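A.B. asks: Please find one structure pasted underneath; my questions will follow.
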Amino acid sequence: MALRFGLVGTGPWARDTHGAGLRAGAGGTLAGVWGRAPERAAAVAGALDVPAYESYDALLADVDAVVFSVPPTVQPDLAVRAARAGRHLLLEKPIAVDPAQAAQVREAVRASGVASLVFFTSRFRPEQREWIDAAARTGGWHTASAVWLAALYDPAGPFASGDWRQTEGALWDIGPHALSVLAPLLGPVERVTALAGRGDTVHLTTQHANGATGTAALSLTVPPAARQVLATAYGDSGVHSMPQGFTPASVASAAAIDTLAALVTDGRRDHPCDVDFGYEVVRVLDAARRSLAQKRAVEVAGVDKP
């Protein structure tokens, strides 16, 4: 089933990742673009050869589903409105930076019965998705590590001016990527210990319900020469490392769009990357934020559930 998608967002990720993904995917067509800055929305819409909508409500009235590419401080209210309007959701990670707001998104999705996915890039990039799925099926992992080091504030980079990233840092921007790999291998996170490093670098130790442990090194502020993405699992079957993600993010976006369309066609709502998982990721990240402030391990169960 080909869905009519509205694109919400006006940055390079909206244009180059989701715009290109909608063109490449078989599961959806791009109806148009809306953004909080009309002139920027018009520029993105022009680049994608679709109309720019004057209002968010006008876009919602004309589509089946919405792809979000907006900051997590802005996304929750827009996502709730879309879900209540009966529109299926492809959400950006993290779905919020506040567990209460994340819960509101989750409850709106549940109440409306719409399909939802959160765009964790590695879970939809083919070579990495296949490795994660195979490792999850294998099981028996005692520990796993994830390293996500970026030089996002390189003046030559497209995301150098991302205000929310400079406020929330690596924990909230790329922490979701690391957790999206660790969780399917090791299971739900029960406890987190976080340690701050140089710049916005954060180191996490995660303790999981089955007794396994994980580690993550996160940074947006390493020198360009030190950029790296690695994930390795250690267990009964030996040592297995995730392949590098050389496939463009737009291909992962197309896969996510096709997956959302398949959920709608099949009448299914559960998926490993649905809003429920997105909500749990926010709870883990909030526990890590508390750990940084309190300088101790924090139970994820202590993060309020609605």
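A.B. asks: Pick out, from ALA2, GLY214, GLY175, the residue whose Cα sits farthest towards the positive end of the charge dipole of the chain, with +1 on the Cβ of Lys and Arg and -1 on the Cβ of Asp and Glu.
C.D. replies: GLY214
A.B. asks: What translational diffusion coefficient, in µm²/s and rounded to a whole number, does the Stokes-Einstein relation yield for segment 174-217 at 25 °C and a viscosity of 0.890 mPa s, taking the hydrodynamic radius as the Kirkwood radius over Cα pairs? Don't skip to the answer; put the middle values down first.
C.D. replies: Working: Rh = 10.6 Å.
Diffusion coefficient, whole number: 231 µm²/s.
A.B. asks: Could I ask something else about it? What is the percent of Cα-Cα separations in segment 202-248 that go past 14 Å?
C.D. replies: Values: 727 of 1081 pairs.
I get 67 percent for the Cα pairs in segment 202-248 exceeding 14 Å.
A.B. asks: Treating the angle as unsigned and between 0 and 90°, give the value, to the nearest 10°, between the Cα long axis of helix 99-112 and the longest Cα principal axis of the chain.
C.D. replies: So the helix axis and the longest Cα principal axis differ by about 50 degrees.
A.B. asks: To the nearest 10 degrees, how steep is helix 38-48 against the longest Cα principal axis of the chain, on a 0 to 90 scale?
C.D. replies: Between the helix axis and the principal axis of the chain, the angle is about 90 degrees.
A.B. asks: Please arrange PHE246, PHE277 by how many other C-beta atoms lie within 10 Å of their C-beta, fewest to most. Don't skip to the end; give the middle numbers.
C.D. replies: Numbers: PHE246 8, PHE277 25.
By the 10 Å Cβ count, ascending: PHE246, PHE277.
A.B. asks: Check GLU190: other-chain or 5+ apart residues with amide H under 5 Å from its amide H, H built from backbone geometry?
C.D. replies: GLN207, HIS208, ALA209
A.B. asks: What value does segment 221-306 have for Rg/Rh, both radii from Cα atoms and Rh as Kirkwood defines it?
C.D. replies: Working: Rg = 17.9 Å, Rh = 17.0 Å.
My calculation of the ratio gives 1.06.
A.B. asks: Follow-up question, since we're still on this one. Can you give the charge dipole size of the chain about its Cα centre, rounded to the nearest 20 debye, using +1 on the beta carbon of Lys and Arg and -1 on the beta carbon of Asp and Glu?
C.D. replies: 380 debye
A.B. asks: Continuing with this model, one more query. For segment 71-169, state the semi-axes of the equivalent ellipsoid (square roots of 5 times the eigenvalues of the alpha-carbon gyration tensor), sorted largest first and rounded to whole angstrom. Show your work: numbers first, answer last.
C.D. replies: Details: eigenvalues 137, 107, 32 Å².
In descending order the semi-axes read 26, 23, 13 Å.
A.B. asks: I would also like to ask the following. Among TRP141, TYR56, ALA83, pick out the residue whose Cα is farthest towards the positive end of the charge dipole of segment 1-146, where Lys and Arg carry +1 and Asp and Glu carry -1 on C-beta, about the Cα centre.
C.D. replies: With unit charges placed on the Cβ atoms, the residue in question is TRP141.
A.B. asks: Would you please give the FRET efficiency between ALA2 and ALA301, computed as 1/(1 + (r/R0)^6) with r the Cβ-Cβ distance and R0 = 35 Å, to the nearest 0.05?
C.D. replies: Values: r = 42 Å, r/R0 = 1.19.
My answer for the efficiency is 0.25.
A.B. asks: In whole Hz and in residue order, list the ³J(HN,Hα) couplings for segment 188-200 that follow from phi through the Karplus curve 6.51 cos²θ - 1.76 cosθ + 1.60, θ = phi - 60°; x for Gly and Pro.
C.D. replies: Calculated HN-Hα couplings, in order: x, 7, 9, 8, 10, 10, 10, 10, 7, x, 5, x, 9 Hz.
A.B. asks: Using the C-alpha gyration tensor of the chain, what are the square roots of 5 times its eigenvalues, in whole angstrom, with the largest one first? If you can, show how the numbers build up before the last one.
C.D. replies: Working: eigenvalues 182, 87, 75 Å².
For the chain, the ellipsoid semi-axes come out as 30, 21, 19 Å.
A.B. asks: Another question, then. So which residue, out of GLY25, GLY245, GLY199, gets the largest mean-square fluctuation from a GNM of the chain using Cα contacts under 10 Å as springs?
C.D. replies: GLY199
A.B. asks: While we're here: Just subtract the alpha-carbon distance of ASP57 and TYR234 from 0.36 nm times their residue separation and send over the number in nm, one decimal. Display every interim value, and only then the final one.
C.D. replies: Working: separation 177, 0.36 × 177 = 63.72 nm, distance 4.88 nm.
Using 0.36 nm per residue and subtracting the Cα-Cα distance, I get 58.8 nm.
A.B. asks: Still on this structure: Using θ = phi - 60° and the Karplus curve 6.51 cos²θ - 1.76 cosθ + 1.60, what whole-Hz ³J(HN,Hα) does each residue of segment 258-264 get, with Gly and Pro shown as x?
C.D. replies: 5, 5, 4, 4, 5, 4, 5
A.B. asks: While we're here: For ARG191, ARG4, ARG198, which order do you get if you count the other beta carbons within 10 Å of each Cβ and list the fewest first?
C.D. replies: Details: ARG191 19, ARG4 14, ARG198 8.
By the 10 Å Cβ count, ascending, the order reads ARG198, ARG4, ARG191.
A.B. asks: Please give the FRET efficiency for THR29 paired with ARG268, using the beta carbon to beta carbon distance and R0 = 22 Å, rounded to the nearest 0.05.
C.D. replies: Values: r = 22 Å, r/R0 = 0.98.
So, using R0 = 22 Å, E works out to roughly 0.55.
A.B. asks: Another question, if that's okay. How big is D for segment 1-148, in µm² s⁻¹ as a whole number, if Stokes-Einstein is applied with the Kirkwood radius of its Cα pairs at 25 °C and 0.890 mPa s? Could you put the intermediate results ahead of the total?
C.D. replies: Values: Rh = 16.2 Å.
Calculated translational D: 151 µm²/s.
FYI, it's all coordinate maths here, none of it is from the lab. Nothing here was measured: the structure is a model prediction, and the numbers come from that model. Positions of Cβ are backbone-derived with ideal geometry, glycine not excepted, and every protein chain shown enters the neighbour counts.
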